[in-house]
Amino acid sequence: METTVFLNGMPMHLVGELPKVEDEAPYFVLVDKDLKDFNLEEYKGKRVVLNIFPSVDTPVCAASVRRFNKDVASLDNTAVICVSEDLPFAFANFCAANDIENVRTGSAFRSDFGKTYGIELADGPMRGLLARGVIVIDENGKVIGTSLCEQITNEPDYEFVEKLLKK
């Protein structure tokens, strides 16, 4: 089944499918702002929120990083990883300029994260970037919720994430 998201009414298709609730979260390797590889294994025993978006250099993406830094990252036993194809240098500059300290940034520029998680844009002007969505993983590495923004210019559903984490 092909998933479609929109950019100002223009359809764009995703490569693959988002993981299903109750599935084991797929393994990934991302690069942090200090150019160090990290993976999901480092978060065993913690809940993980993957805040996924096209680029931190856009207002909506930047707003989501700020919001998760302020709200969700303060929850007990919860880590937030902000994921895009942005280079680690862009993440480092953004975090320094915006006092971002409570979330970790992860660049997917040298991984297959977008395909593995079914959130890479397959066509359209943003082909190769990631769509906007959130995937929530429990302490045991199981997916407990996914939310994909049908309109890529909309912010993620923060209330959906907060409800999942407050259960």
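The values are calculated or read from the model by the stated rules, or taken from the named source; none is laboratory data. Not measured: the values here are computed from a predicted model. When we count neighbours, we look across all protein chains shown, and the Cβ atoms used for this are built from the backbone with ideal geometry, even at glycine. Accessible surface areas use protein heavy atoms only, side chains included; no ligands, DNA or RNA. Shrake-Rupley method; radii C 1.70, N 1.55, O 1.52, S 1.80 Å.
Looking only at region 40-53, decide whether some residue is over 20 Å from Leu164 (Cβ atoms) and under 15 Å from the mean Cα position of the chain (by Cα). I'd like the intermediate steps shown before the answer.
Going residue by residue through region 40-53, those that are over 20 Å from Leu164 (Cβ atoms) are 41-42.
Next, only the ones that are under 15 Å from the mean Cα position of the chain (by Cα) stay: none.
No, the conditions are met nowhere in region 40-53.
Could you go through region 86-104 and let me know if any residue there is closer than 15 Å to Phe28 by Cβ and open to solvent by less than 70 Å² (accessible area, probe 1.4 Å). Break it down stepwise before answering.
Taking region 86-104 as the starting set, the residues that turn out to be closer than 15 Å to Phe28 by Cβ are 104.
Checking the rest, the ones that are also open to solvent by less than 70 Å² (accessible area, probe 1.4 Å) come to 104.
Within region 86-104, one or more residues are closer than 15 Å to Phe28 by Cβ and open to solvent by less than 70 Å² (accessible area, probe 1.4 Å).
Being surrounded by fewer than 16 Cβ atoms within 10 Å (Cβ to Cβ) and within 24 Å of Arg127 (Cα to Cα) is the filter here; which residues of region 59-80 pass it?
Across region 59-80, the qualifying residues are Pro59, Ala63.
Could you check, for region 116-129, whether at least one of its residues is under 23 Å from Lys20 (Cα atoms), assigned to a loop (DSSP other than H, G, I, E, B) and in contact with a Phe, Trp or Tyr (Cβ under 6 Å, 6 or more places away or on another chain)?
No, the conditions are met nowhere in region 116-129.
Of the residues in region 48-67, how many are in a helix (DSSP H, G or I), without any contact (Cβ under 8 Å) to a residue 60 or more places away in the chain and touching a helix residue (DSSP H, G or I) at 6+ places or on another chain (Cβ under 8 Å)? If you could, list the steps in order and put the result at the bottom.
In the first step, residues of region 48-67 are kept if they are in a helix (DSSP H, G or I); the result is 59-67.
Imposing the further condition that a residue be without any contact (Cβ under 8 Å) to a residue 60 or more places away in the chain reduces the set to 59, 62, 65-66.
If we keep only those that are touching a helix residue (DSSP H, G or I) at 6+ places or on another chain (Cβ under 8 Å) as well, we get 62, 65-66.
Of the residues in region 48-67, 3 are in a helix (DSSP H, G or I), without any contact (Cβ under 8 Å) to a residue 60 or more places away in the chain and touching a helix residue (DSSP H, G or I) at 6+ places or on another chain (Cβ under 8 Å).
Does Ile52 satisfy the condition of being of a type outside the set (Phe, Trp, Tyr) and closer than 18 Å to Glu17 by Cα? Step through it out loud before you land on a result.
Values: of a type outside the set (Phe, Trp, Tyr): yes; closer than 18 Å to Glu17 by Cα: yes.
Yes, satisfied.
So how many residues does region 84-120 have that are among the hydrophobic types (A, V, I, L, M, F, W, C) and closer than 10 Å to Leu130 by Cβ?
Filtering region 84-120 down to residues among the hydrophobic types (A, V, I, L, M, F, W, C) leaves 87, 89-92, 94-97, 100, 103, 108-109, 113, 119.
This time we only want the ones that are closer than 10 Å to Leu130 by Cβ, so: 108, 113, 119.
So the answer is 3.
In this structure, is Glu120 exposed (fewer than 15 other Cβ atoms within 10 Å of the Cβ) and either closer than 22 Å to Lys36 by Cα or touching a residue at least 12 places away in the same chain (Cβ under 8 Å) (or both)?
Values: exposed (fewer than 15 other Cβ atoms within 10 Å of the Cβ): no; either closer than 22 Å to Lys36 by Cα or touching a residue at least 12 places away in the same chain (Cβ under 8 Å) (or both): yes.
The answer is no for Glu120.
Would you tally the residues in region 105-130 being over 23 Å from Ala92 (Cα atoms) and of a type in the set (S, T, N, Q)?
1
Give me the residue from region 133-167 that is out of contact with any helix residue (DSSP H, G or I) (no Cβ under 9 Å at 6 or more places or on another chain) and of a type in the set (A, V, I, L, M) and, out of that set, surrounded by the fewest Cβ atoms within 10 Å (Cβ to Cβ).
Per the stated criteria, the residue is Leu164.
Applying the selection to region 1-40, what residues are of a type in the set (Asp, Glu), open to solvent by 60 Å² or more (accessible area, probe 1.4 Å) and either modelled with pLDDT of 95 or more or under 13 Å from Val143 (Cα atoms) (or both)?
Of region 1-40, the ones of a type in the set (Asp, Glu) are 2, 17, 22-24, 32, 34, 37.
With open to solvent by 60 Å² or more (accessible area, probe 1.4 Å) added as a condition, the list becomes 2, 17, 22-24, 34, 37.
Glu22, Asp23, Glu24, Asp37 - these are the residues of region 1-40 that are of a type in the set (Asp, Glu), open to solvent by 60 Å² or more (accessible area, probe 1.4 Å) and either modelled with pLDDT of 95 or more or under 13 Å from Val143 (Cα atoms) (or both).
Out of Asp112, Asp76, Asp86, report the one residue that is charged (D, E, K, R) and at pLDDT below 95. Reasoning before the result, please.
On the way: Asp112 fails: at pLDDT below 95; Asp86 fails: at pLDDT below 95.
On inspection, the qualifying residue turns out to be Asp76.
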